[in-house]
Amino acid sequence: MSEGGVLFVDHAGVLGGAELSLLDLSAAFGAGSEVLLLADGPFREALESRGVRVHVEALGALKHVKKETRIPGPAAFADAARIATHVSKRAKSHRVIYANSQKAFVVAAAAGLFARRPVVWHLRDILAPPHFSGTNVRAAITLANLRAARVIANSRATAAAFTGAGGHESLVRVVHNGIDPAPFDAVTIESATAARAALRLPAGAFVVALFGRFHPWKGQQVLLEALARLPRVHALFVGAPLFGEEAFASALQAQAARTGVADRAHFLGFRADVPELMRAADVIVHASVYPEPFGRVIVEGMLAERPVIATRAGGVTEIIDDETGVLVPPNDAAAMAQAIESLAADPSRAANLAARGAARARAGFSVTAMVRGVEEAIRDLI
């Protein structure tokens, strides 16, 4: 992209799926672009390690507004205006403001008005209950129709929810997330074996793993319930509460103890060695109970050459099908347990699914394709 191209705005300082995608995008767009974060944290460090220019402008009252919030208070609106003024000043040296989340879009929409710059919203959420309150959905759609020059959706399911709620179809471009296979390719059999040994898993244990933010809609509780039906299976839970879900994390620990699986449920917290841990597992599980906008962890599991079990809803079905993985109904522990048991009993089928999944992930979800799709979507704005 050209000099002074894009000002990327993200509300988070932590590393979630949206931030990992922005990490690759912003690095690809080069020195003419910049990332403005509305919170400090590990994400800033990750961006700087990739040579991306970063500025932090921390939120105040606006950071406490959640997706389920019905009507934000006056302090949140005042904070949005304050931050938007600062963002608009930085935006004047760029050609486009690119919001990487809904909260960032609220700020960017106002900043774009002040700076007279077009605003792109990278929509990474399904705008529908229970993900968002009805009031929040209506406000987001109205703001997008008024202020977005382009809405980039991370899946057709995300795009359909946007237009179904009243968003203008002419604004939307679908660009699937892309994931770099290199970290997964770098994992050797020896390092995967060492990772498994470090976890002190029993020799010969069948191990499933779920990666992601700890939140009820991500379905960790469903996998725990399935685990109670699988006496010889161990499960790795990799991730942590990102936005105040500590009570849910504690509830999972209590569920594991109550159902008698505490010795087979391994809560590892946030880990930087995700590729090694994926290769250390026999199966990767995606267990979201509500439609997933995309499902980055599914692609990662496929790149790790592991069979993936995923819930059949939302953008998931744009990634995986019955030829490249195993799809189960959302929030169905019995179906999840049966799927795990079927793969444990048939190593040949598991290996075939893993091979087909890896080929699908490499062909359909590359970083190059994602960057090209975003560039094409905003070329006329640049």
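None of the figures in this text is laboratory data; all of them are computed from the coordinates on show. These numbers were taken from a predicted model, which means no experiment stands behind them. So basically every Cβ, Gly included, is an ideal-geometry build from the backbone, and we count neighbours across all protein chains shown.
At a glance:
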{"item": "Acute angle (nearest 10 degrees) that the helix 134-147 long axis makes with the longest principal axis of the chain, alpha-carbon atoms", "result": "50 degrees"}
{"item": "Order of SER348, SER250 under a 10 Å beta carbon neighbour criterion, fewest first", "result": "SER348, SER250"}
{"item": "Inter-part distance where region 332-362 and region 220-248 are each reduced to a Cα centre, Å", "result": "19 Å"}
{"item": "Two-decimal log10 I(q)/I(0) for region 182-364, as the Debye equation yields it once each C-alpha is a single scatterer, q = 0.09, 0.14, 0.15 Å⁻¹", "result": "-0.27, -0.69, -0.81"}
{"item": "Candidate aspartates and glutamates for bridging to LYS89, where Cα separation is under 20 Å - those fewer than 8 sequence places away on the same chain excluded", "result": "GLU3, ASP10, GLU34, ASP40, GLU57, ASP79"}
{"item": "Inter-probe distance in nm under a simple model that places probes 7 Å from Cα toward Cβ, at VAL14 and ALA78", "result": "2.8 nm"}
{"item": "Contour minus Cα-Cα distance for LEU199 and HIS86 (0.36 nm per residue)", "result": "36.0 nm"}
{"item": "Proxy reagent accessibility, fewest Cβ within 10 Å first, across SER93, SER191", "result": "SER93, SER191"}
{"item": "Mean Cβ neighbour count within 10 Å, used as a protection proxy, ranking 333-346, 205-218, 105-118, 253-266 highest first", "result": "105-118, 205-218, 333-346, 253-266"}
{"item": "Gain upon complete extension [ASN145, ASP380; 0.36 nm per residue less C-alpha separation]", "result": "82.8 nm"}
{"item": "Cα centroid separation - region 255-278 against region 86-104, whole Å", "result": "39 Å"}
{"item": "ALA251-ASP321 pseudo-label distance in nm [points 7 Å out on the Cα-to-Cβ vector]", "result": "3.7 nm"}
{"item": "Helix 17-29 vs. the chain, principal-axis angle (Cα, 0 to 90°, nearest 10)", "result": "60 degrees"}
{"item": "Contour excess over end-to-end distance, with Cα ends at ASN352 and ARG258 and 0.36 nm allotted per residue", "result": "30.2 nm"}
{"item": "Inter-label distance, nm, simple model (7 Å from Cα along the C-beta direction), GLU45/LEU268", "result": "1.9 nm"}
{"item": "Principal-axis tilt of helix 189-198 within the chain, Cα atoms, nearest 10 degrees", "result": "80 degrees"}
{"item": "Residue-by-residue Karplus 3J(HN,Hα) for region 32-40, coefficients 6.51, -1.76, 1.60, Hz, glycine and proline x", "result": "x, 10, 8, 10, 10, 9, 9, 7, 8"}
{"item": "Candidate values (1) 25, 44, 26, 4, 0; (2) 26, 49, 21, 4, 0; (3) 29, 57, 15, 0, label of the one derived for P(r) over Cα pairs in 20 Å bins from 0, in percent", "result": "(3)"}
